[in-house]
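Novice: Pasting a structure here, questions to come.
The values are calculated or read from the model by the stated rules, or taken from the named source; none is laboratory data. On a predicted model such as this, the values are computed, not experimentally measured, just so you know. Neighbour counts run over all protein chains shown; Cβ positions are idealised from the backbone, glycine included. Areas reflect the complete protein model, heavy atoms only, side chains present, ligands, DNA and RNA absent. Shrake-Rupley method; radii C 1.70, N 1.55, O 1.52, S 1.80 Å.
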Amino acid sequence: MLAGLALAWAGLASVAVAQGSLPQIKQRGELIFATDPTYPPFEYMEKAQMIGFDVDIGNEIAKDLGLKAKWIGLEWAGVLGSLESGKCDLAMAGITITAERKGKGYVFSRPYLLSGQEIVRRKGDTRINGPKDLVNKIVAVQQETTGQFAVAKLGVPKDHMLRFDQVQDGLMDVRNKRSDATVGDLPTLKAILQKGFPELELVGEPFVKETLGIVAWKNNPELVGLVNRSLNQMMVDGRYAVAYKKWFGEPLTAKIVGELENRKSDGSPVPDVPIAAMKELPQPKVTGSSFSFRWEVAGAAIPQLIKGAELTLALTLLSLLIGTPTGLIFALMRISPVKPLNWIATVYVEIVRGTPLLMQIYVIYFVLPAVGVELSSFVAGVLALSLNAAAYISEIFRAGIESIDSGQMEAARSLGMDYRVAMVNVILPQTVRRVLPPLTNEAVALLKDSSLVSVVALAELMRMGKEIATNGGSPTTVYLTVAVFYLAMTLPLTWLVRRLEAKWQPISRPRDGARRLKRVAA
Amino acid sequence: MSALLSIKNLYKSFGRNEVLKGIDLEVAEGEVVALIGASGSGKSTLLRCVNRLEIPTSGEVEFRGEPITAANANAVRREIGMVFQRFNLFPHITAIENISLAPIKVLGTSANEAKAQATALLEQVKLGAKADAYPGELSGGQQQRVAIARALGLKPKVMLFDEPTSALDPELVGEVLEVMRDLAKSGMTMIVATHEMGFAREVANRVIFLDSGRILEEGPPEQVLGSPKQERTREFLARVLNK
């Protein structure tokens, strides 16, 4: 089955492949950029339109090459990986040029912007005046960014670093006083603080200087050569200066241009391709998929994935342990003749079922602190998953209880049992046997849904996979390995439940009927 | 001697459908009363009102001269056993556990004692060998006999039977009636809703004919079944006996 999965995956990849060789781009007529549009002023959404500095520069590059620019918005974790899988030709997301990324097969253009890592604190929090003060504090970062790397380099221990999907989540966490500070790209932090977060402020100058580049996968150095030509052209003819003024609110100075020129060698060495070359390209021949499972990447990922799987299991088991009895209580309230109990349970179930789990996690983690309830990531994650599971489980129990023949309750009552004794000894034991299959479904769903709590900085299995994939491993290989991990947890669970069901089979008549049916069919 | 059970001017409606229209009935200790009548005449509803599985719309049921209310229903039910048409055994526990569950949970009998009593009751209904069988493994007749033993487990003063043989295959009816006959002989007070006229004639002290929620005719079996006064009774008996 896994082999089939891999085949299907490879098949998909070959259809969607935008393998960045120049002839193919030329034939397509489109230059595909991947980005994370939650990153002002580089790229963000406004009135359903993706805008920003990167978007303006990227559009100009495409124009220079005689192509149309196409932008795909992804989560940051997926941006670099999409290059290798061929979903895009270039990645442009305020990406810092680092030797580490180059080593993993990414090819960088010449620097197109100066940046740096900047600290944000709560206004007037004088405990934090510079990078040294971060060492014994809780620091929020955007996962797998140079911000995270810079903080790690300062010597902040891993468990003091809260890793989020978005810059904004980190800022919220500082505002909510769970984190003491956050570190990120100066231009982005500046742009976000201009519009919101009046409780926060920047701390001094950037403590790490960086340059940003446009990224391609290693099979595509010629494309980067063309990009460099276009960037050089823009710096000279003034188009760059216009975009700079528009998005950073200050004029481009000769000092900045000089500094960018000085650091030109930050970019990867690539062949210098004249722009005219693009236009003279012949029609391409179609090439196939380049998918292969990289065992060494999978092997290296396993220790980290095991850690993630442990957290996933802990989250799931705890949430089931809390959610199941809570769900049972809500189910009993829902069928209770006492009206107010009934109403409370109904409202609860409808609200939880009617809103996305992701939103519930956000509310519990980011909104509750505003009313004075402080929860750690783990507690918030378990709480959100438990409360969510409880709503679904209560419906499973309710349906199960209602499916028990009314004669059972009557027989129990006619024997002098009160409602509670009848419920506990007669109705619920039968209900449990009957709801076991849908309850298993819920447990499996919960295990998979637990990946959503990664938004509150919990490094569970899916997040670990994303991190490894973002980090430059082969995303296809990493995600297939993650899939195997999930199966390794869900399959034993379903097997166990099937065993239990088989054990209980002779007891209830409907199952007996099912067994007879099977025998007839055989 | 005052009646063990007396039903006074009992009415019961389900929505706008009036099922019982003023029932008066007294049952003395040791008496066996057969309730006969067409389907829908109110036999089941009457029995279910007696142990308050249905709450009467008006009128009263008195047990030993005390009205049965919401407050004392659980206590009174211990003394009124009930056997259902569809057995309603608890499918998740064995025959012997079906019988001992209520004594343990309701009377607080020790598990050992309850088990000993249940074993004796299973012997009484001739199912001593089936103690550890689950209901799903028993025939309909066997299940109904376990259900009778279960109702006897609380040592009730009255037994209500709601068409106990109607859901059984014809060849299984006899074994259940035999158990009921023995029970009647032992002096148990019984009210039996039934279509088994032979059983009514042989075992009952009194036969009551219900028609559209009213008692139309009552008396000794030979009178009601042998020479009924009412035209409706004659019609009903003709239909049942010619089947």
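Novice: Filter the range B:81-121 for residues that are more than 12 Å from chain A (Cβ to nearest Cβ) and within 18 Å of B:Gly140 (Cβ to Cβ) and give the result.
Specialist: B:Ala95
Novice: Next question, about the same structure. Filter the range A:317-365 for residues that are among the aromatic types (Phe, Trp, Tyr) and open to solvent by less than 40 Å² (accessible area, probe 1.4 Å) and give the result.
Specialist: A:Phe330, A:Tyr365 - these are the residues of the range A:317-365 that are among the aromatic types (Phe, Trp, Tyr) and open to solvent by less than 40 Å² (accessible area, probe 1.4 Å).
Novice: Return yes or no: is A:Ile335 farther than 28 Å from A:His160 by Cα and free of Cβ contacts under 8 Å to residues at least 24 places away in the same chain?
Specialist: So A:Ile335 fails the test.
Novice: For the list (1) within 24 Å of B:Glu79 (Cβ to Cβ); (2) within 13 Å of chain A (Cβ to nearest Cβ), I need the number of the one condition that B:Ala167 fails.
Specialist: (1)
Novice: Also, quick follow-up: So, A:Leu436, is that one within 25 Å of A:Ile364 (Cβ to Cβ) and in contact (Cβ under 8 Å) with a residue 60 or more places away in the chain or not?
Specialist: No; evaluated as a whole, the condition is false for this residue.
Novice: Would you be able to tell me the number of residues in the range A:174-191 that are closer than 14 Å to A:Asp125 by Cβ, open to solvent by less than 30 Å² (accessible area, probe 1.4 Å) and not small (Gly, Ala, Ser)?
Specialist: Total satisfying the criteria: 4.
Novice: Report yes if B:Ile36 is under 12 Å from B:Glu163 (Cα atoms), away from every other protein chain (no Cβ under 14 Å) and either open to solvent by 40 Å² or more (accessible area, probe 1.4 Å) or modelled with pLDDT of 95 or more (or both), otherwise no.
Specialist: Considered against the rule, which asks whether it is under 12 Å from B:Glu163 (Cα atoms), away from every other protein chain (no Cβ under 14 Å) and either open to solvent by 40 Å² or more (accessible area, probe 1.4 Å) or modelled with pLDDT of 95 or more (or both), B:Ile36 comes out as yes.
Novice: Residue check: is A:Glu350 within 14 Å of chain B (Cβ to nearest Cβ), without any contact (Cβ under 8 Å) to a residue 60 or more places away in the chain, part of a helix (DSSP H, G or I) and of a type in the set (Asp, Glu)?
Specialist: Taking the combined requirement at face value, the residue does not satisfy it.
Novice: Based on what the data block shows, is A:Trp217 in contact with a Leu (Cβ under 9 Å, 6 or more places away or on another chain), aromatic (Phe, Trp, Tyr) and open to solvent by 20 Å² or more (accessible area, probe 1.4 Å)?
Specialist: Values: in contact with a Leu (Cβ under 9 Å, 6 or more places away or on another chain): yes; aromatic (Phe, Trp, Tyr): yes; open to solvent by 20 Å² or more (accessible area, probe 1.4 Å): yes.
For A:Trp217, the condition - in contact with a Leu (Cβ under 9 Å, 6 or more places away or on another chain), aromatic (Phe, Trp, Tyr) and open to solvent by 20 Å² or more (accessible area, probe 1.4 Å) - is met.
Novice: Moving to a separate point now. Residue check: is B:Val76 more than 9 Å from chain A (Cβ to nearest Cβ) and surrounded by 19 or more Cβ atoms within 10 Å (Cβ to Cβ)?
Specialist: no
Novice: If you check A:Gly66, A:Gly78, A:Gly58, which single one turns out to be open to solvent by 20 Å² or more (accessible area, probe 1.4 Å) and part of a helix (DSSP H, G or I)?
Specialist: Numbers: A:Gly66 fails: part of a helix (DSSP H, G or I); A:Gly58 fails: open to solvent by 20 Å² or more (accessible area, probe 1.4 Å).
Testing whether each residue is open to solvent by 20 Å² or more (accessible area, probe 1.4 Å) and part of a helix (DSSP H, G or I) leaves just A:Gly78.
Novice: So which residues in the range B:203-233 are part of a helix (DSSP H, G or I) and surrounded by 13 or more Cβ atoms within 10 Å (Cβ to Cβ), if there are any at all?
Specialist: B:Val203, B:Pro221, B:Gln223, B:Val224, B:Leu225, B:Arg232, B:Thr233
Novice: While we're looking at this one, here's another question. Would you check which residues across the range A:399-421 are within 9 Å of chain B (Cβ to nearest Cβ) and open to solvent by less than 30 Å² (accessible area, probe 1.4 Å) and list them?
Specialist: Answer for the range A:399-421, where residues must be within 9 Å of chain B (Cβ to nearest Cβ) and open to solvent by less than 30 Å² (accessible area, probe 1.4 Å): A:Gly407, A:Gln408, A:Ala411, A:Ala412, A:Ser414, A:Leu415, A:Gly416, A:Met417, A:Val421.
Novice: Any residue that is outside the structural domain of A:Thr145 (by TED's automatic domain parsing), farther than 18 Å from A:Leu189 by Cβ and under 30 Å from the mean Cα position of the chain (by Cα) - is there at least one of those in the range A:224-238?
Specialist: yes
Novice: Out of (1) surrounded by fewer than 18 Cβ atoms within 10 Å (Cβ to Cβ); (2) within 14 Å of chain A (Cβ to nearest Cβ); (3) part of a loop (DSSP other than H, G, I, E, B); (4) not acidic (Asp, Glu), the odd one out for B:Lys126 is which?
Specialist: (2)
Novice: Hey, among the residues in the range B:40-73 that are within 11 Å of chain A (Cβ to nearest Cβ) and of a type in the set (Lys, Arg), which one's farthest from A:Met417 (Cα to Cα)?
Specialist: B:Arg48
Novice: What residue, among those in the range A:422-451 that are in contact with a Leu (Cβ under 7 Å, 6 or more places away or on another chain) and within 14 Å of chain B (Cβ to nearest Cβ), is modelled with the lowest pLDDT?
Specialist: This residue is A:Leu436.
Novice: Being among the small types (Gly, Ala, Ser), touching a residue at least 12 places away in the same chain (Cβ under 8 Å) and buried (at least 21 other Cβ atoms within 10 Å of the Cβ) narrows it down to one of A:Ala483, A:Ala469, so name that one.
Specialist: Details: A:Ala483 fails: buried (at least 21 other Cβ atoms within 10 Å of the Cβ).
On inspection, the qualifying residue turns out to be A:Ala469.
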